[in-house]
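Read the structure below first, then the notes.
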Amino acid sequence: MLRLTINDQLVEILKGYTLLQAAREHGIAIPTLCYLESLAPYAACRLCLVELVSARGSKLVASCAYPCEEGLIVRTNSPMVLDARRTVVELLMTTAGHLPAVQVLAREYGVPAPYVTLESNDCILCGLCVRACKEIVGVGAISLTQRGMAREVSVPFHISSADCIECATCALVCPTGAIRIEQFTRPARTMHTWTSAYARRACRLCEYEPPGEPFPTNYRELLGIQSA
């Protein structure tokens with residue numbers, strides 16, 4: 001067991017836990033948009049930043065990816081942390097201010113409006129869909145492409161990959177609804193912007209193989225997604 005201090009509270013946690021896991025284990029809320037327990041930490045959204053205090057000063061770290069260590073002193077709601085999260089929310093609002101998930105964060109952190117507005121985009125580039133496709137389903141049919149302002153979730157040549165099994169995992173993990181599905185019963189179709197014909201393959205997680213039976217009722221549980 002490791003002992004560390006979070007918000008002046010001494011906590012004990014198992015070795016191998018991250019700061020985010022330690023905080024949530026003890027009822028301390030830290031916001032995230034790109035985190036899912038079933039996936040490896042990615043630290044893309046930066047909402048989970050916390051302040052790490054040491055004799056040499058404080059620094060901000062992504063709690064979803066930072067491992068717990070003996071004696072750490074962590075603050076999850078200090079002025080430094082709150083300012084950093086407000087900046088993240090302001091950046092999100094430039095393109096995603098119309099999304100309910102972002103609006104909730106804006107109200108929570110007191111960001112009334114974005115300082116600049118760009119073209120609206122439902123995708124916040126959290127990478128959950130790409131990582132779930134690769135790590136959970138074991139396919140890797142989509143990926144993050146391009147750089148900078150042109151960065152997006154896509155497939156090679158914008159033609160639906162033959163590796164896609166239409167399992168809808170990408171839609172289930174998407175926090176903003178950028179990827180949607182028409183229905184969960186057959187025939188189920190992920191509503192991507194790309195189309196093509198290809199042979200059907202089975203999902204290694206739930207053995208779902210279209211055409212066939214409806215999605216298993218515990219599919220969200222298998223993915224580690226909590227019901228609303």
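Brief remarks follow.
- Contact order normalised by residue count of segment 1-117, Cα under 8 Å, 6+ apart, percent: 25 percent
- Footprinting exposure proxy for SER143, SER63 (fewest neighbouring C-beta atoms within 10 Å first): SER143, SER63
- Filtered trypsin sites (Lys or Arg not before Pro), segment 8-116: DSSP coil and at most 14 other beta carbons within 10 Å: LYS15, ARG56
Every number here is computed from the coordinates shown, using simple stated rules; none is lab data. Remember, it's a predicted structure, so these values are computed and weren't measured experimentally. Reconstructed Cβ throughout: ideal geometry from the backbone, glycine too, with neighbour counts over all protein chains shown.
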